[in-house]
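A short worksheet on the structure shown next.
The values are calculated or read from the model by the stated rules, or taken from the named source; none is laboratory data. This is a predicted model, so every value here is computed, not measured. A quick note on method: Cβ atoms are made from the backbone with ideal geometry, for glycine too, and the neighbour counts reach across all protein chains shown.
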RNA sequence: GGGCAGGUGGCUGAGUGGUUGAAAGCUCCGGUCUUGAAAACCGGCGGACCCGCAAGGGUCUCGGGGGUUCGAAUCCCUCCCUGCCCGCCA
């Protein structure tokens, strides 16, 4: 969520931001409307507060007269009339505020200046690592996964539906291995503080990180309990500090957490959904950082590097994409996607998205810090990235490390955790 | 799930309709004192929003929301959370 003052003080910066995202046509009129509502809203606030001040003064006078034993009936009557007027104005104000607020929640963040304008065709490859195998020279992961007894897609579909995976044997153990490997790397070498969090959160948390109100149809919801299944650990982990005032000396704060992630993927049916490419439930290790505005850009590079370390340790070729404005997530100012190569499907698969949200999430979630004693609280900057999402990593392992006989060599770092050197 | 007791500022904790944004203590900041520090003493110390160049003024805020009243931390309704007892249970 943007600062309401941005609408009034820099509406053109807002418009330029939307233009770079390719959203000016749809959101431009909303910004115009917001400007008008803001003017209206402030005038009404003034009118209400003026009357409230008068009422407060009058009430004091009533109190004084009552103490002094003087008559106050007439003053009480006139004050009651004032109260009715206040109620009417407040109703008007509530309507204006609610429309203004709703618009504010619909406007995405403004991307950083170095982010290319335009849609995803303007994404740029920032760097790449490793040597991809030639596409089409190995079997896709769903074939080897099934042949090696690691994945059971039909039974996943039977018990839950398509897009729900059953892992078997070493395939199941591989999930545990990845979880431990990634968490150990981040809590060890990278210095993150581990959290283990609820997989269902309330509406406030979903609003806090920006999934709601705009993306409600993408979420699994438990309607009877007003809870949502988390689409990423970003939601519970970032919201850990919701409504808190942090000590600047404690920044940056770095959390890592494993979680299952749930996504309805509404509208994605049939599109790159085979095997493990797009599933409704998957495991992921997430990195979240809270930092100052001054440091957030550097912290973003650091966090992205931590995610890359996972791929390097696994020996999987990948590339880093700087997303263009139009492809950058709603709340993000700048996003790097990490894509691992899967030679069996012949595609780069997104396994991580590392974003700097600036103060956009912090404002929604009300996460502030005080830089030093006596200073005003400021909003922190929040960042997060997957490091990494499991299914596509598994897909890449099964394809990149596939041998001619159909067996799969286990990456060195996973051997102690998996207990075998080769999946056969 | 049922019953009971509670939710007040960074913390502890007063306050049951009228100068209470809120006593007191602690923490913290500034000062006096001291070679320095501690102690003692003096002073200061929440946040959001609106108007204003500023100085300053105003509104709101005692778990959330709604209501009663001229006026609500205080009364009523509702929801959430915490503790205890009972029930149920991996």
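Quick notes
- Residue identified as near RNA strand B (Cβ under 8 Å from one of its atoms), in contact (Cβ under 8 Å) with a residue 40 or more places away in the chain and in a helix (DSSP H, G or I) among A:33, A:55, A:41, A:67: A:41
- Of residues in the range A:371-414 being at pLDDT below 90, out of contact with any helix residue (DSSP H, G or I) (no Cβ under 7 Å at 6 or more places or on another chain) and part of a loop (DSSP other than H, G, I, E, B), the one surrounded by the most Cβ atoms within 10 Å (Cβ to Cβ): A:377
- Condition check for residue A:378: more than 14 Å from the chain's Cα centre (by Cα) and in the same structural domain as residue A:289 (by TED's automatic domain parsing): yes
- Helices (runs of 4 or more DSSP H) contained entirely in the range A:140-195, each with at least 3 residues that are surrounded by 13 or more Cβ atoms within 10 Å (Cβ to Cβ) and touching a strand residue (DSSP E or B) at 6+ places or on another chain (Cβ under 6 Å): A:169-187
- Residue satisfying condition, being on the phi > 0 side of the Ramachandran plot and within 16 Å of RNA strand B (Cβ to nearest atom), within set A:226, A:249: A:226
- Residue in the range A:95-105 that is outside any helix (DSSP H, G or I), within 12 Å of RNA strand B (Cβ to nearest atom) and at pLDDT below 90 present: no
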